[in-house]
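Input: a single structure, listed below in structure tokens.
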Amino acid sequence: MRRTKIIATYGPSLEDPKILTKVLETVDVVRINLAHGSWDDGSDQNNEKKIKLIQKLAKKIKKPIAILVDLKGNKIRIGDVKDHVLNLEKSSILTIRFTTEKVSKKENEIVIDAEHCFKKISLEDIILMDDGLIKLRVDEISEAKKTLKCEVVDGGLLRSNKGFEVEGKIINQTGLGDDDKNDIRRLAKLEVDWIALSFVNEASDINQAREVLSESASTINLIAKIERMDALKQLYWIIKASDGIMVARGDLALQSGPGELTGLQKNIIKQTVKGKKVVITATQMMESMISNPSPTRAEMTDVSNAVLDGTDAVMLSAETAIGDYPVETVHAMDEVCKGAETYHQTISGKDEFEYSELQYVDHAIALSSMSIARNMDIKAIVTLTESGSTALMLSRVRSDIPIYAFTRNVDTQRRVALYRGVISHSYPFNVDRMEDALKEIKKELLGLSLVNAGDFIIITSGLPLKVSGGTNSLRIIKI
């Protein structure tokens with residue numbers, strides 16, 4: 001069993017239902033980036049159609065696939081370039097025009113609908129695009145035409161809608177915009193599982209999104225993307241306000257520099273797990289597989305290090321969205337994660353349990369369960385759960401002991417798909433007495449070959465049964 005969860009980003013490479021199905025068979029979560037889609041009914045990139053296709057195929061293969069949606073946020077992006085890709089050669093000249101137009105009409109020009117940042121740009125500024133892979137230097141500025149004439153410092157293939165940054169400057173607006181609020185309302189109706197917020201700088205950014213969800217009577221979970229050094233100053237409060245954190249290494253690296261990034265990643269993962277929230281490691285994890293059928297040794301090491309750091313999930317972006325080998329990529333990611341996990345306990349086995357920080361009964365049950373399991377020959381932990389809360393608490397303690405979340409709620413099954421080490425199982429709770437439930441659970445576990453006769457397992461539950469947030473019981477059972 002692979003404990004670290006895999007997120008694949010949806011894009012043109014996954015539009016074929018057959019290919020998407022093959023990817024769904026391996027991954028746990030599918031990500032949709034609203035920066036690369038539309039809500040227009042006639043669009044071939046309609047977001048609602050994407051979501052419903054994923055939900056339909058997941059149901060067909062009987063697998064609880066979670067859907068994570070990235071809001072556009074206030075990230076500044078270029079418009080559509082001619083033929084959707086522009087080959088920028090070193091020392092060539094490129095014009096950047098600030099306009100409400102969405103499509104560039106010239107080969108040596110890109111357009112950006114973000115006039116508010118034009119005045120923040122100066123001569124000799126370094127423009128960074130596509131997570132810094134493309135670099136330009138500003139040589140001329142035309143106030144009248146709202147254009148920048150730039151020389152290409154580091155070239156490459158530039159695709160439509162890629163991010164636009166200025167080295168050493170913050171040019172995007174703060175807070176949750178009206179477009180994002182409207183997108184949240186749409187997503188609430190489509191029953192997605194997680195929403196990722198871009199450029200979160202403080203807890204109030206998450207609270208704004210939470211208010212919009214509350215108005216829609218939605219319980220969608222919120223992921224805060226850490227992309228700015230300023231966010232690290234408020235990391236403790238951002239973790240408390242959110243349901244999870246994404247280490248968005250592309251944008252974060254533009255501010256921190258390559259030397260600091262690895263240390264920042266480790267610290268963010270550690271603080272998030274300690275804060276009892278979910279953490280995702282993202283960006284360029286297997287970038288070479290966009291055009292190659294196998295990863296580089298460096299990429300294997302990068303993914304392995306994230307697993308050893310204790311991340312809940314590793315995320316693929318362009319690799320599955322526009323790559324030539326999406327199925328091979330998720331298989332490679334799966335293999336690397338499994339390999340790294342065989343060493344994880346050797347490294348993390350000395351973790352201490354922080355009993356002094358306990359405030360809730362279900363947290364105490366979860367921590368006690370893991371303590372017992374790690375000191376006895378416990379083969380599995382089964383949590384009977386309504387909301388998935390206890391499964392989350394159990395998964396905050398990294399171990400090689402499988403955690404099975406038995407639940408009657410389909411949305412809970414999808415939610416826990418992002419929790420490291422947790423496998424969901426549909427359980428209808430047709431009985432009211434715990435003794436009857438135990439008989440059914442033993443039968444289910446043996447029938448699925450998850451345990452063997454004579455094995456010891458731990459079962460956590462709430463009494464009475466079928467009450468959300470009521471975990472108050474821990475049992476050690478012999479199969």
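Which value results for Rg/Rh of region 276-431 when Rg is the Cα radius of gyration and Rh the Kirkwood radius based on the inverse mean 1/r?
Working: Rg = 17.3 Å, Rh = 17.0 Å.
That ratio equals 1.02.
Using alpha-carbon pairs under 8 Å, 6+ residues apart, how would you state the relative contact order of region 150-282 in percent?
Details: 170 pairs, mean separation 26.8, N = 133.
Contact order relative to length: 20 percent.
Using a 1.4 Å probe on the protein heavy atoms, what percent of the accessible area of region 117-207 belongs to carbon and sulfur?
Values: 1700 of 4070 Å².
That share works out to 42 percent.
Quick one, can you get me the convex hull of the C-alpha atoms of region 1-101 expressed as volume per residue in Å³?
With only Cα atoms used, region 1-101 gives 166 Å³ per residue.
Using a 1.4 Å probe, what is the accessible area per residue for the chain, in Å²?
45 Å²
May I ask for the distance between the Cα centers of region 117-134 and region 140-192, given as a whole number of Å?
Here the two parts' Cα centres lie 11 Å apart.
Under Stokes-Einstein, with the Kirkwood radius over Cα pairs standing in for Rh, what whole-number D in µm²/s applies to region 374-479 at 10 °C and 1.306 mPa s?
116 µm²/s
222 nm [θ] for the chain, helices only, -39500 (n - 2.57) per DSSP H run of 4+, per residue, to 500?
-10500 deg cm²/dmol
Explain nothing, just the number: relative contact order of the chain, from Cα pairs under 8 Å at least 6 residues apart, as a whole percent.
14 percent
Please return the longest stretch of the chain lacking exposed loop sites, where GluC sites (Glu not before Pro) count only if DSSP places them in a loop and at most 16 other Cβ atoms lie within 10 Å.
Answer - 192-351.
Quick one: Cα centre-to-centre distance for region 418-479 and region 33-76, in angstrom?
If you average the Cα positions of each part, the centres end up 33 Å apart.
So how long is each side of the chain along the principal axes, counting just the alpha-carbon atoms, biggest first, in Å?
Projected onto the principal axes, the Cα atoms of the chain cover 78, 46, 43 Å.
For region 23-176, calculate the relative contact order in percent as a whole number, restricting contacts to Cα pairs under 8 Å that are 6 or more residues apart. Numbers along the way, then the final one.
On the way: 300 pairs, mean separation 36.5, N = 154.
Taking the mean separation of contacting Cα pairs over the length of region 23-176, I get 24 percent.
List the lysines whose Cα sits under 26 Å from the Cα of K105, skipping any in the same chain fewer than 8 residues away.
K72, K75, K82, K90, K119, K120, K135, K145, K146, K149, K162
Can you compute 3J(HN,Hα) from phi for each residue in region 429-446, using the Karplus curve 6.51 cos²θ - 1.76 cosθ + 1.60 with θ = phi - 60°, rounded to whole Hz and x for Gly and Pro?
Residue by residue, region 429-446 yields 6, 7, 10, 10, 9, 4, 4, 5, 5, 4, 4, 5, 5, 4, 4, 4, 5, 5 Hz.
Given axes a ≥ b ≥ c from the Cα gyration tensor, I'd like to know whether region 209-255 is rounded (a/c under 1.5), prolate (a/b larger than b/c) or oblate.
Numbers: a/c = 2.94, a/b = 2.17, b/c = 1.35.
Prolate, because a/c is 1.5 or more and a/b exceeds b/c.
So for region 355-479, if I pair up every lysine 8 or more residues apart or on another chain, how many of those pairs have alpha-carbons under 16 Å apart?
6
For region 230-283 and region 87-116, write down the distance between their C-alpha centroids in whole Å.
32 Å
Taking a ≥ b ≥ c as the square roots of the Cα gyration tensor eigenvalues, with a/c under 1.5 meaning rounded and otherwise prolate when a/b beats b/c, else oblate, which class fits region 163-252?
The shape class here is prolate.
Over region 1-54, with every protein chain in place, what whole percent of the accessible area is carbon and sulfur at 1.4 Å, could you tell me?
It is 45 percent, rounded to a whole number.
The values are calculated or read from the model by the stated rules, or taken from the named source; none is laboratory data. Note that the coordinates shown come from a computational prediction; the quantities given were computed from them, not determined experimentally. In this analysis, Cβ positions are derived from the backbone assuming ideal geometry, glycine residues included, and neighbour counts consider all displayed protein chains. All accessible areas refer to the heavy atoms of the entire protein, side chains included, with ligands and DNA or RNA removed. Shrake-Rupley method; radii C 1.70, N 1.55, O 1.52, S 1.80 Å.
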